[in-house]
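Asker: Got a structure for you, written out below as structure tokens; questions coming shortly.
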Amino acid sequence: MNAATMLAQLLAYGPALAALVAAALLLSVDRRGHGLLYALAPIVVLLPLAAISTGRLPFGHAGAALVVALVVAILARDRDELLQNECALKLLWVMGVSLALSWAGADLLVLVTGTPRVLEQWGVLGLGIDAPYLWSVALPLSMLTGLVMLGGAPFHFWLADVLQGARPWAAPLAVVALQTTGAAWIGARMEGVEMLPTANAISIGLLGVCAGIAWLAGAATLLVQRRPERRVGTLVSLQGGLALGMLLAGRRAADPTWFTAWTAHQVLAVTGASVLARFLPVSGGTARPGGALFRRHPAAGLAGWLATASLAGVPGTPGAWLWMRVARALATTGHLGLLLALGLAWLAAFAAVMRQARDAIGVPDPTPPPTRVVPWTARAALWIPALALIALIVSGASKR
Amino acid sequence: MLRRLLQGFDARRQGATLTVLGLASLAARGLVFSALGLELLALAFWCWARAADDAVEQVRRWSWLRRPAQALWFAAGVHAIAASVPAWPGFAHMGAAALLPRLEAGGVVWAGLELLAALPLSRPYSDVSGPLLVMRPWLPTLLPAAGFAVLWRNADAWVPVPEIRRIAEALLLLTAVLSALRAFGRRQWIASLRWLTITDSALGALLVASAAVRPQVSLLLWLGACGGRAFMLAGELRGATSRRGTTLPRMWRAASWVGSAALSWPLLIRVGFGPGGGAHAVRFFLTAVPVTLTAWIAVRRIVKAPERRQMMRRDAAVTLSHFSALLTLVLGPLALLLGWWLGFEASWPGSVISLLPSALGGGAAFALPKRKRAAKHVVQPTAGAAIASESAPRPRDPLPRGFGALARGLARGTFRNVTALERWIVDALGRLATSVISPLRDLHTGDAQEYLLFLVGLSVLALVLPFLR
């Protein structure tokens with residue numbers, strides 16, 4: 001392995017590393033009463049979550065369950081954290097049910113075809129030996145856990161709950177690990193599905209309905225959502241919709257690097273946006289003085305806003321490239337209804353992020369700014385993903 | 001040093017810098033630059049608004065300015081996608097190849113029309129002042145200018161799309177009529193001027209849509225009409241400098257009249273006598289209404305400013321106001337000459353008939369004598385002069401007493417009723433949307449009941465599954 005390959009590997013894992021460092025910084029400030037080693041102990045669980053967030057690990061049935069178990073374990077670890085525990089319970093219930101249904105669907109397919117290999121299953125089903133009723137129900141069921149993990153509406157509630165309820169060091173990595181697993185799950189289930197046109201039509205139909213609902217319901221939710229953490233959750237659910245859209249259209253038109261870029265961007269943007277959301281005021285109907293972060297440390301606030309803007313696909317950010325690629329793929333494959341839904345979602349996300357920035361800066365307050373500074377570790381956790389995103393912008397611009 | 005520099009860069013300077021950058025960006029070619037320009041303009045208004053004394057009200061009042069920017073970003077995004085969609089010969093009317101140009105045109109037209117007060121969402125913005133204290137009454141004139149710039153600069157995106165162009169033309173025509181009525185109905189000259197800039201910009205945008213003249217000609221014609229009003233409005237903020245003395249009001253009267261007439265002339269020729277169907281007379285009449293009213297207001301309302309000073313300040317014989325009036329006066333005819341040079345032609349009866357609305361409006365305003373109104377702050381004349389003026393015979397007024405007030409009231413009432421109806425429709429649609437979305441909000445409170453949504457999702461999926469087979 002030469003130096004260039006090593007550097008490329010490092011860059012590929014860079015975003016997850018940046019998110020892990022940000023999580024460690026937040027962890028140190030969150031548990032500063034404890035000794036350093038004890039305070040940073042949860043890193044042991046965050047590390048595999050960060051590795052999963054790179055999207056480079058192979059997943060089987062057990063892999064998805066392992067990710068859910070890791071996330072639930074890290075959320076439920078601290079028994080004094082009531083909100084985190086509630087999130088862990090909810091996740092266990094939602095993910096447990098969806099995993100059970102998906103396993104049932106996958107096992108039904110194995111039963112019908114007699115082989116656990118997905119690529120072979122399409123060939124066997126194509127022979128037409130079995131009645132299509134059973135496998136045509138089993139196929140969408142087997143994809144269900146991927147849809148739930150990606151968090152597109154109507155399964156978007158768990159994202160907002162985790163981003164609001166879990167501690168800031170745990171939430172982003174947990175969310176991105178689950179979403180990456182969801183995308184990988186669906187990708188694995190759809191491997192080679194083009195070989196069987198009926199199955200292809202079923203999977204495309206299901207993904208199309210789910211992506212459309214994810215974008216439309218997400219856009220409508222953004223219009224009425226007032227809590228910044230939950231707003232970030234909805235933005236992340238729109239990103240889940242993007243992954244669905246690319247899975248739907250991508251097999252014919254997409255750039256294979258899209259998913260690598262999506263996971264890298266997701267881990268950075270969710271980290272920055274979720275940290276920033278903790279410092280933002282709840283949106284009201286009228287303009288009010290800005291939050292403490294923007295009054296005391298406006299540059300750090302803007303750094304955090306860059307991550308949120310990238311989630312929403314604000315032009316010029318790396319996120320905009322992801323939105324644009326999906327839109328292009330949908331346009332070239334003729335999914336015009338979905339393209340319109342995507343356009344509406346993008347408009348709603350863009351408007352919500354701009355409104356959030358104005359709310360955060362607010363109107364001038366005649367009183368002096370707060371004397372207590374925001375801890376440098378929290379500000380560094382805002383800067384790290386922002387700098388990594390800027391690096392992505394620069395590298396993207398240089399490639400063009 | 002840096003801190004001092006930053007402190008000196010207050011909201012006023014921030015807004016001014018952003019406005020200059022925004023206008024420069026609007027002038028550049030490309031939808032992305034136009035969108036960036038509008039975004040910067042919206043940001044400038046927000047900077048001024050948040051620093052105002054009544055910041056809460058000002059921020060709320062000008063928050064709609066992000067909508068046009070957003071629409072233009074949407075159009076820019078669609079444009080970027082459209083480039084990658086293959087348009088097979090013979091299939092350009094189907095699928096993405098047909099949809100994307102319409103979406104792009106829709107975004108551009110939405111942005112331009114909303115800034116031109118042509119959409120019911122923010123139509124009455126010219127009735128209120130801008131957010132920056134030192135130039136509050138002038139600032140709203142930036143917006144119709146930006147709207148015209150968007151529609152003019154991106155004409156390639158929307159004029160060739162017939163459905164969108166027709167909708168835009170209808171809305172622009174309605175706006176021209178309503179804004180002219182509003183300008184006529186308002187007593188304050190400053191408010192009337194603001195509404196006249198909207199009328200001129202709407203007529204200018206109609207000229208762009210009609211493609212009667214080359215783009216550079218339509219820009220010059222619009223500059224001649226709207227630029228003059230913007231300058232007069234600026235003059236009003238500096239002690240009505242454009243109405244001081246005896247020469248300047250006459251010059252501005254002539255310049256405004258000529259500017260309006262030059263802008264409307266090619267448009268009326270195209271509307272009334274251009275190629276097309278038989279609805280020309282109605283459209284010609286509808287276009288002639290704002291043209292006539294604008295000409296009337298331009299000639300009738302520009303009056304010599306009452307002198308409140310005992311001691312006159314010494315001014316240069318030729319001021320910037322003189323120069324601007326002269327420029328406005330010649331710009332329109334020069335643009336028409338350029339248009340003729342570049343191929344614009346008019347039929348013989350059509351060219352004369354198309355001049356009639358502005359000639360009638362301006363001529364009537366010029367010919368009909370004015371009723372003297374008692375000025376409050378005019379320097380009192382001597383007793384002898386007062387007796388002489390009372391005993392002098394008054395010119396015969398051909399209009400019945402109270403006719404002017406009645407006409408203004410009618411114009412005000414028409415504007416108010418139309419905008420109230422529009423507002424009612426928009427509010428009804430908003431209430432409908434809220435009632436549809438509210439269950440979603442109830443289910444998204446973060447409580448355990450949200451998990452009901454999960455079950456709903458699963459149930460819907462179970463129902464959908466058989467249909468997918």
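Asker: To the nearest 0.05, what FRET efficiency results for B:Leu356 and A:Leu340 with a Förster distance of 45 Å applied to their C-beta separation? Present the calculation step by step, with values, prior to reporting the outcome.
Answerer: On the way: r = 47 Å, r/R0 = 1.04.
My answer for the efficiency is 0.45.
Asker: Give the residues of region B:206-247 whose amide nitrogen is closer than 16 Å to a point set 7 Å from the Cα of B:Leu337 in the direction of its Cβ.
Answerer: B:217, B:220-221, B:224
Asker: Assign one of three labels to region B:158-220, namely rounded, prolate or oblate, based on the Cα gyration tensor with a ≥ b ≥ c the square roots of its eigenvalues; rounded applies when a/c is under 1.5, prolate when it is not and a/b is larger than b/c, and oblate otherwise.
Answerer: Working: a/c = 4.14, a/b = 1.81, b/c = 2.29.
Taking the square roots of the gyration eigenvalues as a ≥ b ≥ c, region B:158-220 is oblate.
Asker: Got a sec to turn the phi values of region A:276-283 into Karplus ³J(HN,Hα) couplings, 6.51 cos²θ - 1.76 cosθ + 1.60 with θ = phi - 60°, whole Hz, x for Gly and Pro?
Answerer: 4, 4, 5, 9, 9, x, 6, 5
Asker: On full extension of the chain, what length is gained from B:Phe285 through B:Asp53, given 0.36 nm per residue of separation minus the C-alpha to C-alpha distance? Don't skip to the answer; put the middle values down first.
Answerer: Working: separation 232, 0.36 × 232 = 83.52 nm, distance 4.56 nm.
Extra length available between B:Phe285 and B:Asp53 comes to 79.0 nm.
Asker: Which value in Å is the Kirkwood Rh of region B:10-151 over different Cα pairs? Intermediate results must be reported in sequence, preceding the final value.
Answerer: Numbers: mean 1/r = 0.0633 Å⁻¹.
The answer is 15.8 Å.
Asker: Would you mind getting the Kirkwood hydrodynamic radius of region A:138-243 from its Cα pairs, rounded to one decimal in Å?
Answerer: 14.1
Asker: Cut-off 10 angstrom, C-alpha nodes, Gaussian network model of chain A. Which of A:Ile384, A:Ile129, A:Ile186 fluctuates the most?
Answerer: Comparing A:Ile384, A:Ile129, A:Ile186 in the GNM, the peak value goes to A:Ile129.
Asker: Compute the separation of the alpha-carbon centres of region B:3-53 and region B:67-82 and state it in Å as a whole number.
Answerer: 20
Asker: Just need the Rg to Rh number for the protein assembly as shown, please, alpha carbons only, Kirkwood Rh.
Answerer: Computed over Cα atoms, the ratio is 1.06.
Asker: Under 12 Å from the Cβ of B:Gln58, count the other residues' Cβ atoms, weight Lys and Arg +1, Asp and Glu -1, and hand me the total.
Answerer: Value of the local net charge: +1.
Asker: If each of B:Ala24 and B:Trp64 carries a label point 7 Å out from its Cα toward its Cβ, how far apart are those two points in nm?
Answerer: Result for the modelled spin labels: 3.0 nm.
Asker: Among A:Leu49, A:Leu125, A:Leu330, determine the one that fluctuates most according to a GNM of chain A built with springs between C-alpha atoms less than 10 Å apart.
Answerer: Per the Cα network of chain A with a 10 Å cutoff, A:Leu125 tops the list.
Asker: Okay, moving on. Set the Förster radius R0 to 25 Å, insert the Cβ-Cβ distance between A:Ala131 and A:Trp93 as r into 1/(1 + (r/R0)^6), and round the FRET efficiency to 0.05.
Answerer: On the way: r = 34 Å, r/R0 = 1.36.
The calculated FRET efficiency here is 0.15.
Asker: Okay, next question. If R0 is 51 Å, what FRET efficiency do you get for A:His34 and B:Ala428 from their C-beta distance, rounded to 0.05?
Answerer: Details: r = 58 Å, r/R0 = 1.14.
In this case the efficiency is close to 0.30.
Asker: Explain nothing, just the number: relative contact order of region A:3-399, from Cα pairs under 8 Å at least 6 residues apart, as a whole percent.
Answerer: 20
Asker: Test of understanding: in a Gaussian network model of chain A with alpha carbons linked when under 10 Å, which of A:His156, A:His265, A:His335 would top the mean-square fluctuation ranking?
Answerer: A:His335
Asker: Related question: Relative to 2.2 N^0.38 Å, what does the C-alpha radius of gyration of region A:3-399 come to as a ratio? Two decimals please.
Answerer: Numbers: Rg = 21.1 Å, N = 397, 2.2 N^0.38 = 21.4 Å.
Relative to the 2.2 N^0.38 Å estimate, region A:3-399 comes out at 0.99.
Asker: Go ahead and estimate [θ] at 222 nm for chain A from helices alone: -39,500 (n - 2.57) per DSSP H run with n ≥ 4, summed, over the residue count, rounded to 500. If you can, show how the numbers build up before the last one.
Answerer: Values: 17 runs with 306 residues, N = 400.
Mean residue ellipticity, 222 nm, calculated: -26000 deg cm²/dmol.
Asker: Could I ask something else about it? Obtain the nm distance between the two label points defined at B:Arg102 and B:Lys304 by a simple spin-label model: each point lies 7 Å from its Cα along the Cα-to-C-beta direction.
Answerer: 6.0
Asker: Also, quick follow-up: Which value in nm describes the separation of the simple spin-label points at A:Thr257 and B:Asp156, placed 7 Å from the Cα toward the beta carbon?
Answerer: 2.9
Coordinate-derived values only; no laboratory data. Values in this document were obtained by computation on a predicted structure and should not be read as measured data. Note that each Cβ is placed from the backbone with ideal geometry, even for glycine, and that neighbours are counted across all protein chains shown.
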